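Trainee: Pasting a structure here, questions to come.
The values are calculated or read from the model by the stated rules, or taken from the named source; none is laboratory data. In this text, all values refer to a predicted model and were calculated from it rather than measured experimentally. Backbone-built Cβ (ideal geometry, glycine too); neighbour counts: all protein chains shown.
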């Protein structure tokens, strides 16, 4: 476990434990208080997502800059969906906070991305409703959001295209406040249990079953040899397996998921080898879950963005594969594409399966190690590596500090946000 785990204290009350996700997650657990800290941002912040209360709604920071003075931040939205301009973050009391624009791309059509039922752009965090039972399990799709609550319910808001919200409706064109998906109270609320791509959504239930909905372009929905025009506007079970654990997706339509036996699986678009299957060339998609190699030592910590994937193993190693442009976004000291997992140096990466310690922007990556240090690599033209310079690097470089507990990539593709104790 990371050093942060040593800070958890016994409590007679139920508390939220920060767990993170390809999205970020929290989990209710008796007798343990939540790990939390101050919120920091860096890189290019458009339309207020950096939350630094900048009137022009654009900020450029080349090193981590604290947001306000609160020290009770506990989870972060993550997203490589580069057309979205909203940041979701949560506090240890189970409240959700939002910053950014409700419009597509920050200034296009109103699609309700902030979930606040208005057309206001926010450059500092504002609470999403009054509920305090958000689990922190959130995922960014293109122009929509999904999130779960502690009662096992699933919620969606944003654009209704192709049934991605799972609400079995096509009108109105969008929903500007969180709306419950069906009536089920059996959705998993643990780390990495929901994910989305451009035209499809995937979620895991508490019984380990896998469900998908939306459009089947590139086999996103994992229903086998169905045409790209195949759609489902409400959650539909994928297969019969009851051993799914975590799932992550990216804007190009790739899903990578883990099972409880430690195996790793991929489906959807295989652009530039992002599925890690080492077969069929860079564009060979898969329309049903296909195992990545034969290893059964994956922790379940997965992050995928712009067809480049990261995942950790139980021995503390970090593995990467897929697209490798952007000055070496895989961190392997070169720019060559990889179609199967390749190890980054070191065995001290997070091995707890905490997916909130891996993050992507369009051409940048960041990860937290077991000792609380934070590392970044890839493009750096607007300071998105947080190193107080604009020098790109194709191998990991350390960001100042040794008490980092979480990191996420913000949706517009050139900034990160993180939590530090």
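Trainee: Is there a residue in the range 207-215 that is under 20 Å from the mean Cα position of the chain (by Cα), under 30 Å from residue 68 (Cβ atoms) and not in a loop (DSSP other than H, G, I, E, B)?
Mentor: No.
Trainee: Between residues in the range 69-85 that are more than 22 Å from residue 354 (Cβ to Cβ) and residues that are assigned to a loop (DSSP other than H, G, I, E, B) and modelled with pLDDT of 90 or more, which pairs lie under 7 Å by C-beta distance while being six or more apart or on different chains?
Mentor: Close Cβ pairs satisfying both conditions: 84/113; 85/101.
Trainee: A further question follows. When you look at residue 223, is it surrounded by fewer than 24 Cβ atoms within 10 Å (Cβ to Cβ), without any contact (Cβ under 8 Å) to a residue 40 or more places away in the chain and more than 22 Å from residue 360 (Cβ to Cβ), yes or no?
Mentor: The answer is no for residue 223.
Trainee: Within the range 263-276, count every residue that is at pLDDT below 95, more than 17 Å from residue 202 (Cβ to Cβ) and assigned to a loop (DSSP other than H, G, I, E, B).
Mentor: 0
Trainee: Still on this structure, I have one more. Given the criteria touching a strand residue (DSSP E or B) at 6+ places or on another chain (Cβ under 6 Å), crowded, with 24+ Cβ neighbours inside 10 Å, at pLDDT below 95 and over 24 Å from residue 218 (Cα atoms), does residue 355 qualify?
Mentor: Considered against the rule, which asks whether it is touching a strand residue (DSSP E or B) at 6+ places or on another chain (Cβ under 6 Å), crowded, with 24+ Cβ neighbours inside 10 Å, at pLDDT below 95 and over 24 Å from residue 218 (Cα atoms), residue 355 comes out as yes.
Trainee: Further, regarding this structure: Considering only residues that are in a strand (DSSP E or B) and either at pLDDT below 95 or surrounded by fewer than 18 Cβ atoms within 10 Å (Cβ to Cβ) (or both), which ones fall in the range 233-247?
Mentor: Correct list: 234, 236, 237.
Trainee: If you don't mind, another one. Give me the residue from the range 96-124 that is under 19 Å from the mean Cα position of the chain (by Cα), in a strand (DSSP E or B) and touching a residue at least 40 places away in the same chain (Cβ under 8 Å) and, out of that set, surrounded by the fewest Cβ atoms within 10 Å (Cβ to Cβ).
Mentor: Residue satisfying both the conditions and the ranking: 96.
Trainee: Let me ask something else. Please go through (1) at pLDDT 95 or above; (2) under 19 Å from the mean Cα position of the chain (by Cα); (3) under 29 Å from residue 391 (Cα atoms) for residue 65 and return the number of the only condition it doesn't satisfy.
Mentor: Evaluating residue 65 over (1) at pLDDT 95 or above; (2) under 19 Å from the mean Cα position of the chain (by Cα); (3) under 29 Å from residue 391 (Cα atoms) leaves (2) as the failure.
Trainee: Taking the condition assigned to a loop (DSSP other than H, G, I, E, B) and either modelled with pLDDT of 95 or more or farther than 14 Å from residue 341 by Cβ (or both), does residue 290 pass?
Mentor: Answer is no for this residue.
Trainee: From the list 333, 360, which one is under 19 Å from residue 140 (Cβ atoms), out of contact with any helix residue (DSSP H, G or I) (no Cβ under 9 Å at 6 or more places or on another chain) and touching a residue at least 24 places away in the same chain (Cβ under 8 Å)?
Mentor: 360
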